[in-house]
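**Student:** Would you mind keeping the following structure in view while I ask a few things?
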Amino acid sequence: MLGTTGTYWAPDVLRREPNSRKILHEFVLEGGKYSKYYKYIPQVMHFSMLIFIIINIKSKIKRNDFTSKDTVSLITMLGVMLFLIVWENRSRYLVNIIPLLLINQLNGIEVCSKIKRRKEE
């Protein structure tokens, strides 16, 4: 479920013995009043993040540019992912690398915007 939803187990954490049911529960938990609007948002965000990371990696390989600072974050992200494949892929470990994922996603978005600007000129 973790790899397919993009929620990083948020519904399971919110479901654990809450003192009272708040508005967030209505969005995130299955069967909530607004869950039909929420359930696709994390999937789209997670999938787009992965696509932009792949674009970033592809542009690095194509340009043979392995000296920039974001190469360190790509290598760190790869190392952590390989470690999690061997160790355990739980949300408590994945939350630690979300900043790396976001940085690499932003670099992929930057690559796409540079390509778009070149096409417009």
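The values are calculated or read from the model by the stated rules, or taken from the named source; none is laboratory data. Values in this document were obtained by computation on a predicted structure and should not be read as measured data. Every residue, glycine as well, gets a Cβ built from its backbone with ideal geometry; the counts of neighbours run over all protein chains shown. These area figures cover heavy atoms from the full protein model, side chains too; ligands, DNA and RNA do not enter into them. Shrake-Rupley method; radii C 1.70, N 1.55, O 1.52, S 1.80 Å.
**Student:** Near LYS60, within a Cβ-to-Cβ distance under 14 Å, what is the net charge of the other residues, with Lys and Arg +1 and Asp and Glu -1?
**Tutor:** It works out to a net charge of +2.
**Student:** Specify the residue with the greatest mean-square fluctuation among LYS69, LYS39, LYS60, computed from a Gaussian network of the chain linking alpha-carbon atoms under 10 Å apart.
**Tutor:** LYS69
**Student:** While we're looking at this one, here's another question. Looking at region 38-121 from every direction and averaging, what is the projected area of its Cα convex hull in nm²?
**Tutor:** 6.9 nm²
**Student:** Relative contact order for region 12-70: what percent, with Cα pairs under 8 Å and sequence separation of 6 or more?
**Tutor:** Answer for region 12-70 is 15 percent.
**Student:** Using Cα pairs closer than 8 Å and at least 6 residues apart in sequence, work out the relative contact order for the chain, in percent.
**Tutor:** Worked out over the chain, it gives 29 percent.
**Student:** Continuing with the same structure: If DNA, RNA and ligands are ignored and the probe is 1.4 Å, what is the ranking of GLU110, GLU26, GLU88 by accessible area, most exposed first?
**Tutor:** GLU110, GLU88, GLU26
**Student:** By the scheme Lys and Arg +1, Asp and Glu -1, what is the net charge of all other residues having a beta-carbon under 11 Å from that of LYS33?
**Tutor:** +1
**Student:** About its Cα centre, what dipole magnitude does the chain give when the only charges are +1 on Lys and Arg Cβ and -1 on Asp and Glu Cβ, stated in debye to the nearest 20?
**Tutor:** Rounded to the nearest 20 debye, it is 280 debye.
**Student:** Need one value: the accessible area of ARG15 in square angstrom, 1.4 angstrom probe, rounded to the nearest 10.
**Tutor:** Surface open to solvent at ARG15 totals about 120 Å².
**Student:** A further question on this structure: Please compute the net charge surrounding ILE109, taking Lys and Arg as +1 and Asp and Glu as -1 over other residues with Cβ under 14 Å from its Cβ.
**Tutor:** +2
**Student:** Okay, next question. If you average the C-alpha positions of region 104-121 and of region 17-63 separately, how far apart do those two centres end up, in angstrom?
**Tutor:** Centre-to-centre distance over Cα atoms comes out at 23 Å.
**Student:** As a quick test, which of the pairs LYS39/LYS116; LYS58/LYS114; LYS39/LYS114; LYS62/LYS114 have an alpha carbon distance above 21 angstrom in this structure?
**Tutor:** Over 21 Å apart, Cα to Cα: LYS39/LYS116; LYS39/LYS114.
**Student:** Cut-off 10 angstrom, C-alpha nodes, Gaussian network model of the chain. Which of LYS36, LYS58, LYS22 fluctuates the most?
**Tutor:** LYS22
**Student:** Counting only helical runs of four or more DSSP H residues, what would the 222 nm mean residue ellipticity of the chain come to if each run contributes -39,500 (n - 2.57) and the total is spread over all its residues?
**Tutor:** -21500 deg cm²/dmol
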